[in-house]
Amino acid sequence: MFRDRQDAANQLAEALGPYAGRNPLVLAIPRGAVPMARTIAGKLGGEFDLVLVRKLCAPYQPEFAIGAIDESGWTYVAPHAIAIDAGYLAQEKCRQLETIRRRRAQYTPVRAPIDPAGRIVIVVDDGLATGATMIAALHGLKHRRPAELVCAVPVAPADSLEKIRALGVMTVCLEVPLYFQSVGQFYENFPQVEDEEVVALLAD
């Protein structure tokens, strides 16, 4: 469906054309979306930064999200995770919040995040699966009073998009496939984005 993240970013930038020239703040959910958000911000004439969130991993299944946590500590727990042991959940929240704090110190050590207040804010990810990290990101940003908040992704399943729309957020999604297993299945080339690339893009 997409050659790579660059192809997806170019297509998203075109779909986001109405925001061009309005100085939007384009925020990436690290790490995969960082090069995409950089491209989109450039094409729209906006600013580029990060919104730091982490998924909460299921016990013994680190690839399966049971929720997500944002930089403030606000937590979204998915409905299917209600039965998860409270002690495990508390430990997982602490573990992921520590990772967020470590990444903030690594990625933007000499400046604060760009203030989204009063701005058009476009949150970019390379795709939604459960939608947990996007929900956490949008929730945290809504409390910082942007003028408009937009979720922009290349691909997502319909049920995850409905969760985002239920937040009252404008959603731009290029493809909503009927059969969805993982984000990576919709990219011909889907390499991992490393911390070093994130740091370099932010420093440039």
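The values are calculated or read from the model by the stated rules, or taken from the named source; none is laboratory data. Here the structure is a predicted model, which means the values were calculated and not measured. So basically every Cβ, Gly included, is an ideal-geometry build from the backbone, and we count neighbours across all protein chains shown. Surface areas here come from the heavy atoms of the whole protein model, side chains and all, with no ligands, DNA or RNA. Shrake-Rupley method; radii C 1.70, N 1.55, O 1.52, S 1.80 Å.
Summed over the range 139-165, the residues that are within 16 Å of F48 (Cα to Cα) and part of a helix (DSSP H, G or I) give a count of 1.
When V199, V176, V183 are checked against the criterion of being in contact (Cβ under 8 Å) with a residue 12 or more places away in the chain and more than 26 Å from A58 (Cβ to Cβ), a single residue qualifies: V199. Might you check whether a residue that is open to solvent by 40 Å² or more (accessible area, probe 1.4 Å), among the basic types (K, R) and within 19 Å of G32 (Cβ to Cβ) occurs anywhere in the range 95-113? Yes, the range 95-113 contains at least one residue that is open to solvent by 40 Å² or more (accessible area, probe 1.4 Å), among the basic types (K, R) and within 19 Å of G32 (Cβ to Cβ). Hydrophobic (A, V, I, L, M, F, W, C), touching a residue at least 60 places away in the same chain (Cβ under 8 Å), open to solvent by less than 80 Å² (accessible area, probe 1.4 Å) and touching a Gly at 6+ places or on another chain (Cβ under 9 Å): is that true of V150 in this structure? Criteria not met by V150. May I ask you to say which residue of G67, G45 is buried (at least 24 other Cβ atoms within 10 Å of the Cβ) and either farther than 23 Å from E196 by Cα or among the acidic types (D, E) (or both)? Testing whether each residue is buried (at least 24 other Cβ atoms within 10 Å of the Cβ) and either farther than 23 Å from E196 by Cα or among the acidic types (D, E) (or both) leaves just G67.
Tallying residues that are open to solvent by 50 Å² or more (accessible area, probe 1.4 Å) and either more than 15 Å from the chain's Cα centre (by Cα) or in contact (Cβ under 8 Å) with a residue 60 or more places away in the chain (or both) within the range 153-164 yields 3.
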